[in-house]
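Read through the structure below, which is laid out as structure tokens, and then see the notes.
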Amino acid sequence: MFQSFWRLTQYIAICTVLSVLFGFENSSSQASQSPLKIIRQGSLIELNNQEVDLAWVQWQSTEAQPLRVGIRDLGLMRLLGLDLLNTNDSAQQPVEWFSSADSSPLTLFAFYHSPNRYLDVTAFAQKGQWDLSVVGTRLKIVTPPATIKAIQQHPLSPSTNLPISPELLAAYRTLQIELDQRVLWEHPQIAPQPATVTSKPLPDDPNSPSSPALTPWMIRLAAQLDPAAIAPFSSLSERPLDGLEQVSDRHQTTLTFNVPVGWRPVVSTFSDPHRLLIDIRPDFLVERNILWMPGLRWRQQYIEIPNSQPTASSLPNRFPVFWLEIDLTAPQLSLKPILSRNTSRVGLAPLLKTASRSQALAAINGGFFNRNTLFPLGAIRRQGRWLSSPILNRGAIGWTDQGEIYLDRLTRFETLITATGNRFPIQHLNSGYVEAGISRYTSDWGSTYFPVLDREWAMITRNHRIIEHLFRERPIKLPVPILDDDYLLVVRNHKEKVTQLPIGTEVKIESQTDPPIWETYPQILAAGPLLLQSGEIVLDAPSERFSEAFSNQQAIRSAVGRTPDNKLLLVAVHNRPLGSGPNLTELAQILQKLGAVEALNLDGGSSTSLYLGGELIDRPAQTAAPIHNGLGVFGQPEI
């Protein structure tokens with residue numbers, strides 16, 4: 001019923017003390033070399049009477065050992081405030097949580113149980129005096145009552161290297177929240193309010209004192225608010241503090257504050273005294289280098305590339321880059337395209353939902369799609385079946401089940417041949433890219449086909465013979481069924497081809513790819529343009545039918561690349577501080593800095609999303625647009 005855990009038989013308790021400050025017993029000391037036995041698991045936690053969606057497991061290594069509790073690691077980070085620190089041991093996860101400067105990091109036992117990575121919080125909860133209990137499939141957590149003693153505002157730390165004017169710098173603050181003890185806190189998120197408080201954009205001139213647009217963010221703490229804490233504020237509308245909400249029956253306080261568009265809050269915790277610092281910054285990225293599981297490393301840091309047109313007022317060409325390094329030769333790791341819909345190629349969904357539903361442990365958004373028809377625009381091949389065919393000789397990535405990776409431009413040709421030798425070119429197979437001529441649709445597109453244009457003819461083909469002609473015209477656009485062994489020949493704008501292919505015509509299909517090597521790759525995903533080959537920039541947007549404007553646009557980008565040692569890179573690049581994202585040439589240079597020798601641009605902008613362990617790691621989930629398809633990493637071989 002349950003999949004085996006990574007490296008559990010190799011795990012040995014190696015630490016006896018976590019830190020002088022906490023006095024925590026290392027949670028790994030309760031583990032043994034025996035495989036762990038899952039007793040219960042669920043996806044819902046009740047935290048101080050508030051329900052949160054967060055996966056958990058309860059297990060024991062032997063019947064003689066006490067039960068242990070594990071919680072999904074990135075959920076602990078987002079909902080409970082534990083910060084994951086760098087590690088080269090996927091079974092030992094150091095975390096930061098109200099540590100003092102002279103204490104060692106708290107280290108928790110980590111293990112993978114498809115599709116999540118869990119951290120053992122048993123000893124952590126005991127020392128924190130949490131009350132843990134399991135009711136059915138729900139883990140209940142009750143923490144001791146805590147109090148917010150004071151909230152203070154301080155000038156933003158001047159450590160930033162950005163050219164911000166004194167007037168603009170003085171407009172923002174660091175929020176300090178003083179507490180009577182360590183508390184659980186939820187990572188800041190965009191508040192469910194209008195998108196911006198003001199409509200004035202960030203000034204083009206970094207020396208301008210003009211106020212930028214503001215977005216409300218909020219942070220929740222498992223603590224009650226002392227009324228005296230807000231005494232220093234003459235008005236709750238004072239920037240950046242926007243308002244306070246106390247939910248006393250849940251032992252919770254919600255603090256809402258304003259953040260300039262493009263900036264993000266960065267939270268740090270300290271002891272002696274216990275406090276949270278919320279730094280609101282344009283250079284918000286926290287660098288990470290975490291071996292998340294064998295064969296998969298989570299990285300994020302600023303990457304600087306040369307400025308092609310430097311001026312005296314140029315911003316540093318530093319971009320926040322989030323990426324995953326994946327070794328597809330690692331045991332139990334596999335890769336496949338993932339789709340927003342199981343039974344149809346038509347439709348969109350957020351990557352967070354698509355990856356979770358498909359049970360992927362990591363994922364990135366994939367190829368392009370038509371935002372009006374919700375059809376895919378580019379190659380998607382899975383297990384040797386073309387779910388969507390290539391278009392416009394665009395760049396693609398292919399891979400085998402043995403971890404071989406190939407990137408190049410891709411074209412595919414199909415020809416319909418009658419028994420009398422007549423040949424008809426087929427424009428596309430299972431594609432949302434609509435052109436005049438004949439296109440072919442199989443059950444890999446879905447169980448039905450809905451006409452796209454005002455007038456279309458569909459010819460049903462079964463056992464290599466055309467058996468029926470159907471005409472579809474607006475406003476009535478009835479679906480055409482596609483049985484498993486049938487395919488449709490859809491004729492657009494060329495009615496004469498219908499008469500040339502009467503009912504009863506015997507037909508066959510010939511197909512080939514260019515270059516031919518593509519046929520050897522059962523898994524393919526396309527987007528474009530191609531960025532790198534053999535370590536050199538080969539960007540040629542016009543040859544892939546992309547405009548120069550698209551190539552030169554500075555925007556948030558996503559990409560996939562391959563390193564010389566055949567590791568796969570899933571990469572998301574966001575806006576440089578106080579500026580915009582990279583153009584395609586800059587994206588290629590960033591991939592070079594990451595060590596890629598081949599690279600491909602993916603759909604970007606609001607589609608850019610990088611997923612790991614149940615969370616988006618590159619952006620707030622509510623800012624990510626729905627997508628059609630993605631590239632998923634799985635922690636077990638497909639059955």
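Of all residues in the range 590-609, which are among the aliphatic types (A, V, I, L, M) and over 15 Å from I303 (Cβ atoms)? Break it down stepwise before answering.
Going residue by residue through the range 590-609, those that are among the aliphatic types (A, V, I, L, M) are 590-591, 594, 596-597, 599-600, 602.
Of everything in the range 590-609, those that are among the aliphatic types (A, V, I, L, M) and over 15 Å from I303 (Cβ atoms) turn out to be V597, L600, L602.
For every residue, the table says whether it meets (1) in contact with a Phe, Trp or Tyr (Cβ under 7 Å, 6 or more places away or on another chain); (2) more than 19 Å from S43 (Cβ to Cβ); (3) free of Cβ contacts under 8 Å to residues at least 40 places away in the same chain.
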site: L76; (1), (2), (3): no, no, no
site: L84; (1), (2), (3): no, yes, no
site: T87; (1), (2), (3): no, yes, no
site: V95; (1), (2), (3): no, yes, yes
site: A101; (1), (2), (3): no, yes, yes
site: T107; (1), (2), (3): no, yes, no
site: P115; (1), (2), (3): no, no, no
site: S133; (1), (2), (3): no, no, yes
site: T137; (1), (2), (3): no, no, no
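Among (1) in a helix (DSSP H, G or I); (2) open to solvent by less than 10 Å² (accessible area, probe 1.4 Å), there is one condition Q126 misses while meeting the rest; what is its number?
(2)
Go through the range 574-613 residue by residue and tally those that are in a loop (DSSP other than H, G, I, E, B) and in contact (Cβ under 8 Å) with a residue 60 or more places away in the chain.
Step one: of the range 574-613, the residues in a loop (DSSP other than H, G, I, E, B) are 574-583, 594-597, 602-604, 608-609, 613.
From the residues that got through so far, the ones that are in contact (Cβ under 8 Å) with a residue 60 or more places away in the chain too are 574-579, 581-582, 594, 596-597, 602-603, 608-609, 613.
Looking only at that region, the number is 16.
Inside the range 614-630, can you point out the residues that are of a type outside the set (D, E) and either assigned to a loop (DSSP other than H, G, I, E, B) or over 10 Å from the mean Cα position of the chain (by Cα) (or both)?
G614, I617, R619, P620, Q622, T623, A624, A625, P626, I627, H628, N629
From V538, V571, which residue is open to solvent by less than 20 Å² (accessible area, probe 1.4 Å) and either touching a His at 6+ places or on another chain (Cβ under 9 Å) or modelled with pLDDT of 95 or more (or both)?
Details: V538 fails: open to solvent by less than 20 Å² (accessible area, probe 1.4 Å).
Unique residue meeting the criteria: V571.
Looking only at the range 392-406, filter to residues that are at pLDDT 95 or above and open to solvent by less than 10 Å² (accessible area, probe 1.4 Å); which one of those is farthest from L570 (Cα to Cα)?
Selected residue: G395.
I'd like the residue in the range 259-273 that is open to solvent by 40 Å² or more (accessible area, probe 1.4 Å) and in contact with a Phe, Trp or Tyr (Cβ under 8 Å, 6 or more places away or on another chain) and, out of all such residues, is nearest to R78 (Cα to Cα).
If we take residues in the range 259-273 being open to solvent by 40 Å² or more (accessible area, probe 1.4 Å) and in contact with a Phe, Trp or Tyr (Cβ under 8 Å, 6 or more places away or on another chain), then R264 is nearest to R78 (Cα to Cα).
If S609 satisfies every condition in (1) of a type in the set (S, T, N, Q); (2) touching a Pro at 6+ places or on another chain (Cβ under 9 Å); (3) open to solvent by 10 Å² or more (accessible area, probe 1.4 Å) but one, which is the exception?
It fails just one condition, (3).
I'd like the full set of residues that are within 30 Å of G403 (Cβ to Cβ) and open to solvent by 70 Å² or more (accessible area, probe 1.4 Å), limited to the range 497-516. Give the derivation first.
We begin by selecting, within the range 497-516, every residue within 30 Å of G403 (Cβ to Cβ); these are 511-516.
Passing the criteria: Q512, D514, P516.
Of all residues in the range 56-67 being assigned to a strand (DSSP E or B) and surrounded by fewer than 22 Cβ atoms within 10 Å (Cβ to Cβ), which is farthest from the chain's Cα centre (by Cα)?
Once the filter is applied, the top-ranked residue is Q60.
In the range 100-111, which residues are open to solvent by 10 Å² or more (accessible area, probe 1.4 Å) and part of a strand (DSSP E or B)? Write out each step before concluding.
First pass over the range 100-111, keeping only residues open to solvent by 10 Å² or more (accessible area, probe 1.4 Å): 100-105, 107.
Within the range 100-111, T107 is the sole residue that qualifies.
Can L631 be described as farther than 14 Å from A349 by Cβ, out of contact with any Phe, Trp or Tyr (no Cβ under 8 Å at 6 or more places or on another chain) and buried (at least 17 other Cβ atoms within 10 Å of the Cβ)?
yes
The values are calculated or read from the model by the stated rules, or taken from the named source; none is laboratory data. Since we're looking at a predicted model, the values are computed, not measured. Cβ sites come from the backbone with ideal geometry, for glycine too, and all protein chains shown count toward neighbours. Surface areas here come from the heavy atoms of the whole protein model, side chains and all, with no ligands, DNA or RNA. Shrake-Rupley method; radii C 1.70, N 1.55, O 1.52, S 1.80 Å.
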